[in-house]
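Notes for the one structure printed next.
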Amino acid sequence: MNIKNVKQSTIFAIALLVSVLINLPRFLELYDVVGGLGASFTSATIIDIVIRILFLFTYSWIALQFNTNWKHRFFNFGKSLNTIFVILTNAILFFITVLSFIFIHQKFADDLMNSSDKGLLYFVYFIILVILIFISRILRFQITHQEDIAEKELLKRQSLQNELSALKNQINPHFLFNSLNSLNSLIRGNEQATTFVNKLSYMYRYILQSGQQDLVTLDEELKFLNSYIYLIKTRYRDRFSIKIDINDIYLNQDIPTLTLQLLVENAIKHNEISEEKPLEVSIYIEKDELVVENKIQPRLTFVDSTGQGLANIDKRYTLLKEKQIKISNANNMFRVKLPLN
């Protein structure tokens, strides 16, 4: 079942029930099942009842579909405009249905409706519409409740899957750190290699620690990024550079862990880096937003990517800071803006 929409069978059943119940007294009078109704429904005929049931069923079905499913699925103009749109749509449905019924009924039932009958018809159809809107609100509330339950279940399953993945991929930290220390002793005297191993060791320790916390200060993230940059520059040398211009007043702001490293890694992964086209990444503050940008230099070779990196960052920002990141590629510049406040 798609819980974002009420089952069609449910709407069909409600519409059918409304149309039958409203016309039940006419049906009973037609076959004289209950006496005493003759004065109320003197014109009750098979054609009259069939027309009334068909019109009322269609009216109820459309009203339920629109107020329960369609307005939430297809229309989103903002809260104020949505309210006006819903009122106008229901009003149009109401008048079109009533006027069409009067025309069809007089044509096929061969029975002219007087002003009193028409007034009663308008009143009945209006009351029915109000009831249908109320039922739609109840159905929508049930959908929202079911979605909340489903989302909690999904998060629970994802959490269990993440724990399982972490267990499967866990490497004994002591083993790795001891191995790195042993490597350091082997390369002692080579300053560049020693620095490289120390930076790698720091990065691994930071990644392990970040798994225990969702947010870190911008200052901590920049220190980690500097270690990552050192490793990258060891590979690309002058073909890669990075400019960081951040005022100290922003260093205590919190951001999701590994965000900057992932953005820089994304730039390296998706852009050509060569002697002719060196890659430069800029990180700076603009209107209380942390900006990471680079000139777009499409790679000439295939990039094996899942495309989930930016989506992952945006999802973490939504969950942890209740804000969304901004992504643009105007003027051949790929730019990601991260809200700080």
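The values are calculated or read from the model by the stated rules, or taken from the named source; none is laboratory data. Please read all numbers here as calculations on a predicted model, not as lab measurements. Here Cβ is always computed from backbone atoms with ideal geometry, including for glycine, and neighbour counts include all displayed protein chains.
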Whether any residue in segment 48-58 is modelled with pLDDT under 90, aromatic (F, W, Y) and surrounded by fewer than 18 Cβ atoms within 10 Å (Cβ to Cβ) is what I want to check. no
Among what's in segment 287-308 and is closer than 25 Å to K223 by Cβ and in a strand (DSSP E or B), pick the residue that is farthest from the chain's Cα centre (by Cα). N294
Keeping to segment 228-247, report how many residues are within 35 Å of the chain's Cα centre (by Cα), outside the structural domain of L320 (by TED's automatic domain parsing) and not hydrophobic (A, V, I, L, M, F, W, C). 1
Does L251 qualify as being out of contact with any Asp or Glu (no Cβ under 9 Å at 6 or more places or on another chain) and closer than 21 Å to D214 by Cα? no
Any chance segment 279-286 includes a residue that's in the same structural domain as A330 (by TED's automatic domain parsing), under 31 Å from the mean Cα position of the chain (by Cα), surrounded by fewer than 14 Cβ atoms within 10 Å (Cβ to Cβ) and assigned to a loop (DSSP other than H, G, I, E, B)? no
If I ask for residues that are surrounded by fewer than 16 Cβ atoms within 10 Å (Cβ to Cβ) and modelled with pLDDT under 55, which ones from segment 6-39 would you list? V34, G35, G36, G38, A39
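Could you go through segment 248-270 and let me know if any residue there is part of a loop (DSSP other than H, G, I, E, B), basic (K, R) and over 25 Å from the mean Cα position of the chain (by Cα).
Among the residues of segment 248-270, not one is part of a loop (DSSP other than H, G, I, E, B), basic (K, R) and over 25 Å from the mean Cα position of the chain (by Cα), which makes the answer no.
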Hydrophobic (A, V, I, L, M, F, W, C), assigned to a helix (DSSP H, G or I) and within 20 Å of R73 (Cβ to Cβ) - does that describe any residue in segment 114-131? no
Can you tell me how many residues in segment 283-333 are in contact with a Lys or Arg (Cβ under 8 Å, 6 or more places away or on another chain) and touching a residue at least 60 places away in the same chain (Cβ under 8 Å)? 2
